Each structure stands twice: as C-alpha cells, then as structure tokens.
1. Of all residues in the range 165-211 being more than 15 Å from the chain's Cα centre (by Cα), within 26 Å of Glu149 (Cβ to Cβ) and surrounded by fewer than 18 Cβ atoms within 10 Å (Cβ to Cβ), which is modelled with the lowest pLDDT?
2. Among (1) β-branched (Val, Ile, Thr); (2) under 18 Å from the mean Cα position of the chain (by Cα); (3) under 22 Å from Leu108 (Cα atoms), there is one condition Thr265 misses while meeting the rest; what is its number?
3. Please enumerate the residues belonging to the range 225-242 that are surrounded by 21 or more Cβ atoms within 10 Å (Cβ to Cβ) and either within 21 Å of Ala111 (Cα to Cα) or at pLDDT 95 or above (or both).
4. Could you please find all residues in the range 122-163 being of a type in the set (D, E, K, R) and under 28 Å from Leu184 (Cβ atoms)?
5. Output the residues belonging to the range 139-173 that are β-branched (Val, Ile, Thr) and part of a strand (DSSP E or B).
6. For the range 44-59, which residues satisfy the criterion of being closer than 17 Å to Val79 by Cα and in contact with a helix residue (DSSP H, G or I) (Cβ under 8 Å, 6 or more places away or on another chain)?
7. Among the residues of the range 99-119, is there at least one that is touching a Cys at 6+ places or on another chain (Cβ under 9 Å), modelled with pLDDT of 95 or more and crowded, with 24+ Cβ neighbours inside 10 Å?
8. Restricting to the range 8-30, name every residue that is buried (at least 18 other Cβ atoms within 10 Å of the Cβ) and part of a loop (DSSP other than H, G, I, E, B).
Amino acid sequence: MTAMRWGYSTGTCAAAAGKAALQRLLADGDIDQVSILLPSGNRAAIPVASSQLVEGSDTAVAEIIKDGGDDPDATNGMVIAAQVTLLDHPEIIVEGGPGVGRVTKPGLAVAVGGPAINPVPLAMIRTAVGELLPPGRGVRVVISAPEGERVARKTMNARLGITGGISILGTSGLVRPMSQEAYLDSLIPQIDQALALGHGHIVLTPGGLGARMAQEQNIPEEAIVQTSNFIGLMLDGCAQRRIQGVLLFGHVGKLIKVAGGIFNTHSQVADARREILAAHTALIGGGTQLIARIMQLNTIDEAPALLQEYGLERVWDAIAAAASERCQQRIGDGFKVGTVLYTLDGTILAYDREAAQLGRQMAWRLP
C-alpha cells in the first residue's frame with residue numbers, strides 16, 4: 001500500500017510567501033523555493049509559484065500554491081500570497097489582505113477585529129522574514145488569498161464569526177493525511193467561543209442538521225458546537241476547559257456508536273451500529289427473531305419502525321443513557337453529559353435523565 005503524502009498548512013504557506021517576497025525584494029532574482037522553520041525545529045523547502053517586484057516601490061509580492069498532500073482540505077491548491085514592504089525601523093508588521101478572514105466574535109485565538117492569522121502561523125511568518133531582514137530594517141507583510149472568500153464557505157469560519165475569507169492555521173506547520181489535528185484546529189475554537197460568550201453549558205452535535213435542530217429546541221446558536229466525527233476528542237476539549245455541562249445531540253446512527261464506546265464515528269473507523277442495537281434490544285427482552293431482523297437492517301433509520309412493531313421503543317432510552325455513561329467514563333466527573341437521539345425526519349427519538357435535567361436547567365424545549 002502506498003503511503004499517503006503529507007502536506008503543509010496555510011500558516012507554512014503564508015510564511016513561505018512572506019519570505020519569498022522579501023528575498024525577491026532584497027536580491028531581485030527568480031526564486032524556486034524557500035526554507036521555512038517549522039514549530040518542531042525542522043525545516044521545510046516550500047516551492048515558490050511566482051515572485052515579482054512592484055515597480056517604483058520597496059515592495060514585492062510572492063505566491064505559494066498550498067499543497068495539503070493527500071489530506072482533503074478545502075484550502076488545498078489555493079494561492080497564498082504575501083506582499084512585503086521594507087520599513088526604516090526594526091518592526092515586523094503582519095496584516096491580513098483580501099481573502100483572509102477577519103474575526104468578529106470573541107473566544108478565538110485572535111482578538112476581535114484582527115485578521116484570522118493564528119498565533120503559531122503569525123510567529124512563523126515573523127521568523128521567516130526575520131531571517132532575511134537587514135540590521136535596523138523592518139517589514140510590513142500583508143497575507144492574502146485570492147480565492148479565500150469563496151473557499152471559506154466550505155469551512156467553519158462563518159459559524160465562528162470569521163468573515164471575508166479563510167483562516168491562516170496550523171500548529172505544527174504540517175498537514176497529515178486525514179489528520180485529526182487539521183480538523184480540530186477548526187473545531188476546538190467553537191468551545192472557546194461558546195465560553196467567551198457566556199455559555200458554560202453547550203451542545204455537541206456531529207453536523208449541520210443537529211445544529212439546526214438544536215436551535216429549534218431553543219438552544220442559542222453560540223452554544224452549539226459541531227464535532228464532525230471527533231466526538232471523543234471534542235469531549236476531551238470540553239474537559240480541559242470550564243464547561244459545566246454537555247448535551248450530546250445527534251442522529252441515532254452516529255450516537256449509537258458512542259453507546260458502544262466508539263468515539264470517532266467515521267464509518268472507516270468502526271461500524272457496529274446493528275450489533276449495539278441488537279445487544280441493547282436483547283437486554284430488555286427482545287427475542288431471537290427480532291435480533292435477527294435487526295442484524296439484517298440496511299440502515300439504522302429502519303430500526304425505529306421495527307422496534308415500534310415489537311413494542312420495544314424503550315430501547316432508545318437505554319441507548320441514550322449508555323451513550324452518556326460512555327462519555328462520563330471518558331471525561332470523569334468534571335461535568336455532566338446528557339444525550340438526545342433524533343431521526344433524519346427531525347423526530348426526537350429519545351433522551352436520558354441527564355439530558356432532561358440539563359434541559360430544565362437551561363430552558364431548552366425538549367419534548
């Protein structure tokens with residue numbers, strides 16, 4: 001099997017663009033690649049797509065094509081550009097240009113009003129240009145992404161209150177194929193933002209449908225945190241912060257996996273949905289005929305009607321309680337977790353006692 005190829009973050013590309021533009025300004029010659037210091041202390045050789053001087057000024061621009069390797073990131077293949085201008089004083093100023101988002105809500109690593117360039121990429125940009133600056137000189141670096149506003153629609157930026165473009169991200173400078181790190185860089189800030197906006201109790205939901213349904217239950221949008229498939233890691237993120245309570249709110253086909261101790265719900269990781277449902281059904285008295293029918297289901301969405309046929313709808317209550325118990329075992333006693341299961345047509349299928357308690361406390365409209 002061929003090994004999957006690693007790539008570089010938008011932060012590394014921004015640092016490379018800044019360094020390439022400054023090198024072109026100082027030496028005026030074609031540049032094939034630049035060497036960038038990564039947070040690990042290693043260096044990476046980044047290809048330069050283009051560089052040129054701005055006639056009649058102490059300014060140059062350079063472009064890097066983001067190579068995310070084999071990771072299916074929305075920013076892969078984008079142009080990340082930098083315009084640099086020499087200054088007569090030793091200061092490195094980094095700004096966001098067209099296509100780089102601007103932060104409009106608190107709780108992120110960047111202050112409200114600032115460009116969406118996270119601290120690690122910001123430090124990488126400053127280090128990269130600092131390696132070339134003559135003594136006593138400084139530089140203004142403007143990072144831009146020509147397709148940033150369009151590509152940002154495929155990211156979590158709107159949900160986080162980042163407007164006008166993409167974020168310049170990356171804690172390691174590298175992108176591992178299908179990496180958890182790349183996803184968590186965009187998912188975890190939702191927790192920090194919810195806390196900053198005063199929401200100690202939050203909803204964790206795998207995707208957009210759950211987010212919309214949670215709002216219909218009177219839950220503020222800012223208190224709803226999308227997890228993608230990384231429910232366990234997002235729970236860990238909550239446990240590391242001042243979260244007071246979590247309502248796990250999701251489609252039964254996702255959260256039934258959590259009831260079985262599966263915290264990464266991607267189908268390529270594990271799929272024991274029928275087995276988990278069969279086990280819980282058997283525990284409350286379901287017979288062998290019903291268990292056999294469960295094991296023949298094509299999708300878990302067929303299961304509610306089947307259990308209703310046998311008068312065993314209470315299985316869903318047991319599964320909701322088991323999901324909460326599994327979460328509690330993972331995070332310890334720092335905060336309570338309740339679970340709500342829903343179907344694709346928007347029906348609330350079941351919720352456990354902890355979910356009801358959280359609902360009463362926060363005035364959520366659970367049925």
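The values are calculated or read from the model by the stated rules, or taken from the named source; none is laboratory data. All of these numbers come straight from a predicted model, not from anything done at the bench. Don't worry about glycine lacking a Cβ; one is built from the backbone with ideal geometry, like all the others, and counts go over all protein chains shown.
1. Leu209
2. Among (1) β-branched (Val, Ile, Thr); (2) under 18 Å from the mean Cα position of the chain (by Cα); (3) under 22 Å from Leu108 (Cα atoms), the lone unmet condition for Thr265 is (3).
3. Matches in the range 225-242: Val225, Ile231, Met234, Leu235, Gly237, Cys238.
4. Within the range 122-163, Arg126, Glu147, Glu149, Arg150, Arg153, Lys154, Arg159 meet the criteria.
5. Residues satisfying the conditions are Val139, Val141, Val142, Ile143, Ile162, Thr163, Ile166, Ile168.
6. Ile46, Val48, Ser51, Gln52
7. No, every residue in the range 99-119 fails to be touching a Cys at 6+ places or on another chain (Cβ under 9 Å), modelled with pLDDT of 95 or more and crowded, with 24+ Cβ neighbours inside 10 Å.
8. Ser9
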